[in-house]
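Since every read-out is calculated from the coordinates, none of them should be taken as a lab result. Since we're looking at a predicted model, the values are computed, not measured. Don't worry about glycine lacking a Cβ; one is built from the backbone with ideal geometry, like all the others, and counts go over all protein chains shown.
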Amino acid sequence: MELNLEEALEAPVAVSYRLEVPTGRLERPELLVLEPVAFTGMLQKADPGFVLTGTFSVAGEIACSRCLAPVAFSGTTDVSWLFAPAHRRPTEEETELTTSDLDVVWYDEFVVPFDPLVEEQLLLELPMKPLCRPDCRGLCPRCGADRNSVPCDCREEGDERLAKLKSLLA
Ligand SMILES: [Zn+2]
Ligand SMILES: [Zn+2]
């Protein structure tokens, strides 16, 4: 979709948008299922430019970072984008003087592609270290067994040495 900023010149306009993002495009192989991303908000005139504020919703399934089991996730975030005309863009020197790190989308024309902004926001919303449960025991690094469900006989190296030491001291 494209945002037509011009539509908000006279009065604020409601923006409602759903985007299906193929999981393969995001370079996050742990992402298993992604529901269509949804945004609802309001585009209005600002000075200079325009501001789009609203809520951003994501949901899906992602692999547990320890045992790879699917973990459902969902989230809703308040987001805002500021669109400012490119000719108002500060020069590098000016940028150094301002401390604001507000995300600004600079536009040359009133029609701005929205999908890239949605995908960028989506990446921020994905859980970084998802866990199926807080105390997930993960996969055994030796035999690959899921230690949450299968007790395996492998021992950590440290454990073995400690056991030997204990037997010597006994
Ligand atoms: Zn897990
Ligand atoms: Zn094992």
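Worth a mention:
- With a cut-off of 11 Å between beta carbons, the residues surrounding residue 61 carry a summed charge of -2, where Lys and Arg count +1 and Asp and Glu -1.
- At R0 = 35 Å, FRET efficiency that the Cβ-Cβ distance of residue 135 and residue 19 yields, to 0.05: 0.50
- Count Lys and Arg as plus one, Asp and Glu as minus one, and take only other residues whose Cβ is under 12 Å from that of residue 2; the net charge is then -4.
- The 3J(HN,Hα) values that the Karplus relation (6.51, -1.76, 1.60; θ = phi - 60°) gives for region 35-51 are, in residue order, 6, x, 6, 10, 9, 10, x, 9, 9, 9, 5, 10, 10, x, x, 9, 10 Hz. Gly and Pro appear as x.
- Tail weight of P(r) past 17 Å, computed on alpha-carbon pairs of region 2-136, percent: 64
- With a cut-off of 15 Å between beta carbons, the residues surrounding residue 45 carry a summed charge of -3, where Lys and Arg count +1 and Asp and Glu -1.
- Added length on full extension, which subtracts the Cα-Cα distance from 0.36 nm per residue, residue 72 to residue 109: 9.4 nm
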